[in-house]
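Heads up, the thing below is written out as structure tokens.
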Amino acid sequence: MRYNSDTEALQDFIKKYNQLNTEISKVIVGQEETIQNVLISIFSKGHCLLVGVPGLAKTLLVNTIADALGLSFNRIQFTPDLMPSDIIGSEVLDEHRNFKFIKGPLFSNIILADEINRTPPKTQAALLEAMQERQVTAAGVKYHLDNPFFVLATQNPIEQEGTYPLPEAQLDRFMFNVWLDYPNFAEELQVVKLTTANLKVQLNKVLNAEEIVFFQDLIRKIPVADNVIEYAVKLVNKTRLNSEFSSDISKKYLQWGAGPRASQYLIIGAKCHAAIHGKYSPDIEDVKAIAIPILRHRVVLNYKAEAENISVEEIIKQLM
């Protein structure tokens, strides 16, 4: 891809992003903020955890995004009997009695980890190396995953029977923890009209893998003022109990604060948020716009917060 300047490339990115939104809206009704956060995570080289009750189109959303992006896509249904080799792949003996590695479904651009909390920790842990290093190791050999690579996982927050809560280390690998809410009355009317008629929607492919990688690198080139970086780092420090910036509300209601990865994601996410809104550099408002889904799963409430029914979102809003 050739552009005369980064400014011209950024303008084309905004155009492609708007086209992508248009294509996704052909299938997904409402959920604008959810779609925005998922796309920000993709252009920021991050992963996204979608949390919501059944029937809110979490799986359909991921399918639709994969179609519009023109990327290879695999859906893995996480179940209690799923083994690490079922997602990574395994070695088999070929006809010449040599071991040959057969790649699993993890070797794709977009992985939909459906109901990720339904599988045991050893299978959940098989994703850790893939999400962080973009590679998997089998029988001592490293295999690089396709580029770009994203894990978009779904989770049901109400049904906890037969589930295995994600460990903090795994949660921290996700850039966003996005909560999906019920559609409003008008949106639900539209959903019912679309899904109960014999309509077939044809999606146009807006971007390919090469363009996505280019725009990911472009986002990282966006300059950020020192005061914005200081605000993001200070916000994360406010969640820590032993920090010089620790706030009273954190000491009162939090058991554990966010780590440095939160600060990194706040800045890269703010860059992308600024870019899609036509700005050439993020400001503090861009950091605030993405702070809740980035910090939500990185802080741990104590017993007092639970007893007083104080939510993570309330605490983050007060810290901002």
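Please treat every number below as a calculation from the coordinates, not as lab data. Treat the numbers as computed from the prediction; the structure is a model and nothing was measured. Quick reminder, even Gly has a Cβ in these numbers, built from the backbone with ideal geometry, and neighbours come from all protein chains shown.
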When 171, 207 are ordered from fewest to most other Cβ atoms inside 10 Å of their Cβ, what list results?
171, 207
Which FRET efficiency value, to the nearest 0.05, do you get for residue 211 and residue 133 by plugging their Cβ-Cβ distance into 1/(1 + (r/R0)^6) with R0 = 22 Å?
0.40
For residue 307 paired with residue 230, estimate the spin-label separation in nm (one decimal), with each label point 7 Å from Cα along the Cα-to-Cβ line.
3.9 nm
FRET efficiency, residue 192 to residue 242 (Cβ-Cβ, R0 56 Å, nearest 0.05)
0.60
Spin-label model distance (nm) - residue 146 vs residue 261, 7 Å beyond Cα toward Cβ
2.4 nm
Here the FRET efficiency for residue 285 versus residue 314, based on Cβ atoms and R0 = 25 Å and rounded to 0.05, is 0.80
So for the chain, averaging the separation of alpha carbon pairs under 8 Å that are six or more residues apart and normalising by length, what relative contact order in percent results?
21 percent
Most exposed first by the Cβ proxy, i.e. fewest other Cβ within 10 Å, how do 253, 265, 280 rank?
280, 253, 265
Burial ordering of 73, 13, fewest other beta-carbon atoms within 10 Å first:
73, 13
Cα-Cα over 31 Å: which of 122/193; 100/221; 58/103; 122/251; 142/238; 205/317?
122/193; 100/221; 122/251; 142/238; 205/317
Potential extension, residue 277-residue 3 segment - 0.36 nm per residue separation minus Cα distance:
96.6 nm
Lys and Arg at +1, Asp and Glu at -1: neighbours of residue 77 with Cβ under 14 Å from its Cβ sum to -1
Distance between segment 1-38 and segment 262-286 - C-alpha centres, whole angstrom:
15 Å
Computed [θ] at 222 nm, helices only, for the chain once each DSSP H run of length n ≥ 4 contributes -39500 (n - 2.57):
-14500 deg cm²/dmol
What fraction of the DSSP beta bridges in segment 50-168 is antiparallel, stated in percent and rounded to the nearest 5?
45 percent
Which one of 93, 301, 50 has the biggest mean-square fluctuation once the chain is modelled by GNM with Cα springs under 10 Å?
93
Output the relative contact order of segment 223-319, whole-number percent, from Cα pairs under 8 angstrom with separation of 6+ residues.
32 percent
Ordered by number, the trypsin sites (Lys or Arg not before Pro) in segment 115-146 that occupy a DSSP loop and have at most 15 other Cβ atoms within 10 Å are 134
Which labelled figure in (1) 250; (2) 152; (3) 171 is volume of the Cα convex hull per residue in Å³, once derived from the coordinates
(3)
